[in-house]
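K.L.:
Structure below; questions to follow.
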Amino acid sequence: QILIIPEITCRNTGDAPTKFSGVSLIRFAGQMKKGKGLTIVSALIEGNPVHTAPRDRRLAQEDIENFMKNEGIFGFSRCSVARNLNDGFDSAVQLAGVGNLRPNTVLLEWRDEADITCYEDATNFLDRFRVVAATEKAVIVVKGANYLPTNQARLRGHIDIWWIVNIHDGGLLV
């Protein structure tokens, strides 16, 4: 099972659907699993949980569920409000799942240098990586997720996969 934690970037206004980061990661997860298996999308809205309307959470969750359905991805979605996105991420990684169905892998996006605007962005990425490691889950970091082909695209060529293993402290798939 895979966990993806997108951030809500623009809320549903009734005229336009919710915009969220991680669209390409959700597509990638669907392609990687051929639409089978369990994918959990736990979206985060930054704000005060008391003052954020339940309607905002519900609309965002419905928009993500519709996206997953249109892409043919089986799984669950959930939308939460957190005072800051780092705390929300920590909670989502620890609490995601349904009963005993808990994800064992977290999908993260490697941000391009142009996307990292300050030292704090890089620190946040490392903190998220550490949280996933502390919960003993696997991490898949995808570079260039926005450039991955859609499900309808037909490609030709080869894919090189390198697997670098260090026996003493785990492995790294590049």
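The values are calculated or read from the model by the stated rules, or taken from the named source; none is laboratory data. What you see is a predicted model; the values in this text were computed from it and never measured. Note that we place each Cβ from the backbone using ideal geometry, even for glycine, and neighbour counts take in every protein chain shown. To get the accessible areas, we keep the full protein, side chains included, count just its heavy atoms, and leave off ligands, DNA and RNA. Shrake-Rupley method; radii C 1.70, N 1.55, O 1.52, S 1.80 Å.
K.L.:
For region 20-107, report the accessible area per residue in Å² (1.4 Å probe, heavy atoms, rounded to an integer).
P.N.:
For region 20-107, the solvent-accessible area averages 51 Å² per residue.
K.L.:
Another question about this same structure. Along the Cα-to-Cβ line of residue 110, 7 Å from the Cα, sits a label point; which residues in region 123-139 have backbone N less than 19 Å from it?
P.N.:
123-133, 138-139
K.L.:
Could you look at region 21-99 and say what percent of its accessible area is carbon and sulfur, using a 1.4 Å probe and all protein chains?
P.N.:
Carbon and sulfur atoms account for 51 percent of the accessible area of region 21-99.
K.L.:
Another question, if that's okay. Please compute the length gained on full extension between residue 62 and residue 19, using 0.36 nm multiplied by the number of residues separating them and subtracting their Cα-Cα distance.
P.N.:
Contour length minus Cα-Cα distance gives 14.3 nm.
K.L.:
List the lysines whose Cα sits under 18 Å from the Cα of residue 69, skipping any in the same chain fewer than 8 residues away.
P.N.:
19, 33, 34, 36
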